[in-house]
Every structure is written in C-alpha cells, then in structure tokens.
1. Which count do you get for residues in the range 13-26 that are surrounded by 16 or more Cβ atoms within 10 Å (Cβ to Cβ) and either within 20 Å of Trp69 (Cβ to Cβ) or in contact with a Lys or Arg (Cβ under 9 Å, 6 or more places away or on another chain) (or both)?
2. What residue, of Leu70, Leu28, Leu33, is touching a helix residue (DSSP H, G or I) at 6+ places or on another chain (Cβ under 7 Å), outside any loop (DSSP other than H, G, I, E, B) and of a type in the set (A, V, I, L, M, F, W, C)?
3. For the range 72-108, how many residues meet the condition of being closer than 17 Å to Leu134 by Cα and open to solvent by 70 Å² or more (accessible area, probe 1.4 Å)?
4. Counting only residues that are acidic (Asp, Glu) and within 19 Å of Ala58 (Cα to Cα), which one in the range 109-157 is surrounded by the most Cβ atoms within 10 Å (Cβ to Cβ)?
5. Output the residue which, of all residues in the range 92-132 that are farther than 26 Å from Val24 by Cα and aromatic (Phe, Trp, Tyr), is farthest from the chain's Cα centre (by Cα).
6. Just to be sure before I move on: is Ala10 open to solvent by less than 20 Å² (accessible area, probe 1.4 Å), modelled with pLDDT of 95 or more, among the small types (Gly, Ala, Ser) and assigned to a helix (DSSP H, G or I) in the structure I sent?
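The values are calculated or read from the model by the stated rules, or taken from the named source; none is laboratory data. Not measured: the values here are computed from a predicted model. With ideal geometry, Cβ positions are generated from the backbone for all residues, glycine too; neighbour counts draw on all protein chains shown. The area values use the complete protein model at the heavy-atom level, side chains included, leaving out ligands, DNA and RNA. Shrake-Rupley method; radii C 1.70, N 1.55, O 1.52, S 1.80 Å.
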Amino acid sequence: MSLTSEELLAQERRLQFTRFGNDVAIELGLHLLDAAREQGLPIAISVQRNGHRLFHAALPGTAPDNDRWLERKARVVDLFGHSSFYVGTTFREKGTTFEAQPHLDPALYAAHGGVFPVILRGTGPVGTVGVSGLPQAEDHEFVVTQLESFLNSRAAQ
C-alpha cells in the first residue's frame, strides 16, 4: 500500500466520531479484537482518549515490544494530530525521514503506520486507536478498515 499524504488526510476527514466516551472506546477495541481474531493476526490493540488507555489487548504472537511501539506511535499522533502513517509519509515525501529530525527522541516517538487519531467531528483529535504487530502499512490498513466498519455499523443503529 503506497498512499500519499493527501489520501491519508482524506481518511482522517472521513473517519470521524460524533461522540467518543469510555463505552464507545471499549466497543471499538472489541470490534478490532474480534476482527484480529477472525483473521488470526498477531497484534496488540490500544484505544485511548486524552492519554487515558481505555482498551488494550495483546493477541498470541505479540510481545511487550508491541506495546512500546503502540506508545511511540500514539505519541506521534498526540503531538501532530494526524495518523502515525501520515506523519511518516509527509517526511518521506519531502525526501527525508522522521527519524532524521533532531528534536524528537526515536526511543519515544515512531512515525510508523498503525495508530490513527480518534477525531470527534467539530472538535478534532481526542484520542488514538492503534495496532502493532504487522508491517506498518498493514497495521495502518487494518485500523482504517476496522474504523470504517465500526463507524458504518454505528451509523446504521
């Protein structure tokens, strides 16, 4: 998957919530967990609101390192307000890398795909949803696909 920064921004404009509390966060986490189990994916899942982890799961095949990746990618989303994949992509489009930037410690920040902002329509980013365990483009694609499915199912309710 080779998406441009514009295509990634379009995902963010499309995948927004009208409300996002603890119950919605847990439902979202369970939605991702069910999909990951169905697909047999070795991923860790995290859903946060304003830095508060509201859902976490780690499927077989994951390790504590996946949790560290989730934290590093979530910090990027919290700082920039965009998906971790978008942030990394914008640097690559400029002919450089996120890691080449001297002001952010790569031990704390990772602009690799897999964490997406939870965007509240009319408000902006209020949290993160993410996975770790697959190659970064696949992590990102899984989150986007499941977010779209989750939001579409809620709209039908």
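1. So in the range 13-26, the residues surrounded by 16 or more Cβ atoms within 10 Å (Cβ to Cβ) come out as 15-17, 20, 24-25.
The next check asks that each one be either within 20 Å of Trp69 (Cβ to Cβ) or in contact with a Lys or Arg (Cβ under 9 Å, 6 or more places away or on another chain) (or both); those that pass are 16-17, 20, 24-25.
Going through the range 13-26 one residue at a time, the tally reaches 5.
2. Values: Leu70 fails: touching a helix residue (DSSP H, G or I) at 6+ places or on another chain (Cβ under 7 Å); Leu33 fails: touching a helix residue (DSSP H, G or I) at 6+ places or on another chain (Cβ under 7 Å).
It is Leu28.
3. So the count comes out to 0.
4. Here is the first cut: in the range 109-157, the ones acidic (Asp, Glu) are 138-139, 141, 148.
This time we only want the ones that are within 19 Å of Ala58 (Cα to Cα), so: 138-139, 141.
On the way: Glu138: 16, Asp139: 26, Glu141: 17.
Per the criteria, the residue is Asp139.
5. Only one residue fits best here, namely Phe98.
6. Working: open to solvent by less than 20 Å² (accessible area, probe 1.4 Å): no; modelled with pLDDT of 95 or more: yes; among the small types (Gly, Ala, Ser): yes; assigned to a helix (DSSP H, G or I): yes.
So Ala10 does not fit the description; no.
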